[in-house]
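Below is one structure; the comments refer to it alone.
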Amino acid sequence: MNTLRTYRFTFWRAVFGALLLAGAYATYLRFMYGLGAVTNLNDQFPWGIWIGFDILCGVGLAAGGFTLVATVHIFNIEKYKPVLRPAVLTAFLGYLLVIFALMFDLGRPDRIWHPLIMWNPRSVMFEVGWCVTLYTTVLFLEFTPAVFEKLRWHAPLRWFRMISVPLMIAGVILSTLHQSSLGSLFLLVPHKLDKLWYSSFLPLFFFISAIAVGMAMTIFESWHSSKAFGRQLEGPLLASLASVLAVVQSTYVAMRLADLQHRHAWSLLAESRIETWLFLLELGLITLPLALLFQARVRKNPRALYWAALMVIFGFITNRLNISVTGIERASGVSYVPKWTEVAVTLAIIGIGFGLFRLAAKHLPIFEEPDVHGEKVTPAKLRALRVA
Amino acid sequence: MAFAILFDSTKCVGCRSCESACAEKWKNPYDDKIAAEERLSAHKLTTVVTKGDKFTRKLCMHCLEPACVSACPVGALQKTAAGPVIYEAEKCMGCRYCMTACAYGAPTYEWNARAPKVRKCNMCIERQTAGKPTACTEACPNEATVCGEREAMIALAKKRLAETPDAYYQKIYGLDEAGGTSVLMLSSVPFEQIGLPANLPKEGLPDFTWRALELIPNIVSVGTVLLGGVYWITHRRQEVVKAEGRLS
Ligand code: SF4
Ligand code: SF4
């Protein structure tokens, strides 16, 4: 058992190390020789997986932060409190990574601050830029109390409590705006985005699917943290989170289907095109978890729940990539397959995300620790207790 | 007072004089190899495209309601009152949303530069404001490309359509495609056959995003009031419960 664990641990370390190395080499090439050298992008196809995955998915996957802040603090549903910290932490890390990833994709990363002083309020990109900047600041402020607690600095904590309500409200609004605006980006291309996906409701779809995937990510993280540190959310809490997820996700699916109906887009599925198959894959991935989530038995089984959450996450990723890559390819007249360096950077960033979350979950009071005999239980102690 | 270009593909003989004049003006390299490329790129801001036995040109259409201008987060792209859509490289951060947005694939990128810029035609704004025709117009031996006031160009196009109706597909491209363009085109065949998009709405593309963007003030004000209200109600309830608990 012990050797197996050590073996697995070493294995993941090796994978992590390899990803970082490949990523570092790709980074070197990117900044020495430009975007052309490391991506398969061109004048016909200017946005690839760095936008489609790193940005569109990254921002969405970090949406748990604002939904849970709203649930716990604004709607005052206290039972979700244990989920709050991990969600805010993922969100904060997520946004930092998104900004980091953007430095790769921007032709002039040294000018990332330009939208702050050079305005174009008619641009969706301008709005996204502002909202993401402000929201990352909000997340930073929401997250710092965890650090201060660790350091036992109580004076600033009081100060944080004072500004916390307006901060939370601002955070929720900023998130609503930019989550939906990532969808609005594509409203500008009715001539390019395939009819399977182009809808004037794109902003709404982006918003609702982000809420769903934010919750799915929380379930996903709880599972992984239970594997790594033996700390996780309690069963009933996870189950109730799952039922909320079921409701949100079914609203999302219902709206997507109604929209297809409304736009008479079903007939497009009769054509055997690559778009059709990838669309059906997406539809399957966003619909199937509903069959699982609506069963109480599944909601009570952490493993089954984990798989349902994973499907929601993959359905979400497929949707974003379909909109940013699959749906645009035909109109662009070229076919795009990411270069290895694009994949390497993306994987390295995911790896860094996992690593940072692990570090933070280990050293900061994230998943609230059970208090046994008035003693704080550290993961090590917990393991010792279990063995005993 | 707004400049425009009229390109008449029925008169184009594919001599590529416009290409080389454009390259010369921008100090871009130009040789036989580049001449054969037939697509827009960072070193080729206009190109002649061979379509069977016909020739046509590609360049920025200088839209009346340019998608690129509305897309650019930093306002690096601007529609000037004089007609041309111009680009300020000093502002550009290289997000390439303009390239995604443009229906004509006009903006191109210096993919292999360490400090890359977007490149696109500026309709020789510096020449036109000095009273000179665009470099491509000046170079064209056959009046396939002409330039001048947009109204005058439309009148000229109409005149050509009327004088030799058999030579033309009876339509001027650019009158109302996605809100209209400052580069107008004539052709003997339907325009999609010479590579122009035929699926564009009449309405300018920026309107599509604006309909979402203009909701923002409402989302912010209604959202703040709503969330504030919910917060007050839910926490008030808690306080009441606490207070009652103390009394009993
Ligand atoms: S053709 Fe493209 S680049 Fe030129 S003005 Fe129109 S949207 Fe902008
Ligand atoms: S690439 Fe440059 S010009 Fe184009 S939208 Fe982005 S900042 Fe504006």
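The values are calculated or read from the model by the stated rules, or taken from the named source; none is laboratory data. Owing to the predicted nature of the structure, the values given are computational and were not obtained by experimental measurement. FYI the Cβ positions are ideal-geometry reconstructions off the backbone, even for glycines, and counts take in every protein chain you see. Heavy atoms of the whole protein, side chains included, go into the accessibility calculation; ligands, DNA and RNA do not. Shrake-Rupley method; radii C 1.70, N 1.55, O 1.52, S 1.80 Å.
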Subject >> Shape call, the stretch A:23-368: gyration tensor on alpha carbons, a/c limit 1.5 >> reply: oblate
**OP:** Can you sort A:Tyr198, B:Tyr97, A:Tyr28 by 1.4 Å-probe accessible area, starting with the largest?
**Re:** A:Tyr28, A:Tyr198, B:Tyr97
Original post:
Quick one: what Rg and Dmax do you get for the stretch B:69-176 from the alpha carbons, in Å?
Top reply: 16.8, 52
Original post:
When ligands, DNA and RNA are left out and all protein chains stay put, how many square angstrom of accessible area per residue does the protein assembly as shown have with a 1.4 Å probe?
Top reply: 45
Original post:
If we count GluC sites (Glu not before Pro) as exposed when they sit in a DSSP loop and have at most 15 other beta carbons within 10 Å, what is the longest stretch of chain A that avoids them all?
Top reply: A:1-233
**OP:** List, in order, the whole-Hz ³J(HN,Hα) value for each residue of the stretch B:30-43 obtained from phi through the Karplus relation with A = 6.51, B = -1.76, C = 1.60 and θ = phi - 60°; use x for Gly and Pro.
**Re:** 8, 8, 4, 5, 5, 4, 7, 5, 6, 9, 5, 7, 4, 10
Original post:
Looking only at A:Phe31, A:Phe186, A:Phe11, which one moves most when chain A is put into a Gaussian network model with springs between Cα atoms under 10 Å?
Top reply: A:Phe11
Subject >> For the stretch A:171-302, convex hull of alpha carbons as volume per residue, Å³ >> reply: 136
Original post:
Where the centroid of each part is defined by its Cα atoms, how far is the stretch A:274-292 from the stretch B:1-61 in Å?
Top reply: 45
Original post:
For chain B, modelled as a Gaussian network with Cα springs under 10 Å, which listed residue fluctuates most, B:Ala67, B:Ala155, B:Ala21?
Top reply: B:Ala155
**OP:** Please identify the longest segment of chain B free of exposed trypsin sites (Lys or Arg not before Pro), where exposed means a DSSP state other than H, G, I, E or B and no more than 14 other Cβ atoms within 10 Å.
**Re:** B:40-113
Subject >> Rounded accessible area of A:Trp159 (nearest 10 Å², 1.4 Å probe) >> reply: 140
**OP:** Sort out for me the Cα centre separation of the stretch B:99-157 from the stretch A:98-174, rounded to whole Å.
**Re:** 41
**OP:** Check the stretch B:1-106 and count each lysine pair with an alpha-carbon distance under 25 angstrom, considering only pairs eight or more places apart or from different chains.
**Re:** 25
Original post:
By accessible area of protein heavy atoms, probe 1.4 Å, what ranking do B:Val146, B:Val240 get, highest first?
Top reply: B:Val240, B:Val146
**OP:** Divide, for the stretch B:3-203, the radius of gyration over alpha carbons by 2.2 N^0.38 Å, where N is the residue count.
**Re:** 0.97
Original post:
Taking 0.36 nm per intervening residue step and subtracting the Cα-Cα distance, what contour gain separates A:Glu234 from A:Thr137 on full extension?
Top reply: 31.9 nm
**OP:** Pull up the cross-link candidates among the lysines for B:Lys242, meaning alpha carbon to alpha carbon under 25 Å and not fewer than 8 places away within one chain.
**Re:** A:Lys79, A:Lys81
Original post:
Which loop trypsin sites (Lys or Arg not before Pro) in the stretch A:107-182, with loop taken from DSSP, have no more than 13 other Cβ atoms within 10 angstrom of their Cβ?
Top reply: A:Arg152
Original post:
Taking only DSSP H segments of four or more residues, each worth -39500 (n - 2.57), what value at 222 nm results for chain B once the sum is divided by all its residues, to the nearest 500 deg cm²/dmol?
Top reply: -10000 deg cm²/dmol
Original post:
Using the Kirkwood radius built from alpha carbon pairs, what does the Stokes-Einstein equation give as D for the protein assembly as shown at 10 °C and 1.306 mPa s, in µm² per second?
Top reply: 59
Original post:
Rounded to the nearest 500, what is chain A's calculated 222 nm mean residue ellipticity when only DSSP H runs of at least 4 contribute -39500 (n - 2.57) each, over all residues?
Top reply: -24000 deg cm²/dmol
**OP:** Mind jotting down the distance between the C-alpha centroids of the stretch A:297-367 and the stretch A:13-59, whole Å?
**Re:** 15
**OP:** Please work out how much accessible surface B:Tyr87 shows to a 1.4 Å probe, ignoring ligands, DNA and RNA, in Å² rounded to 10.
**Re:** 50
Original post:
What does a probe at A:Phe9 reach in the stretch A:215-251, counting residues whose amide N is under 13 Å from the point 7 Å along Cα→Cβ?
Top reply: A:228-230
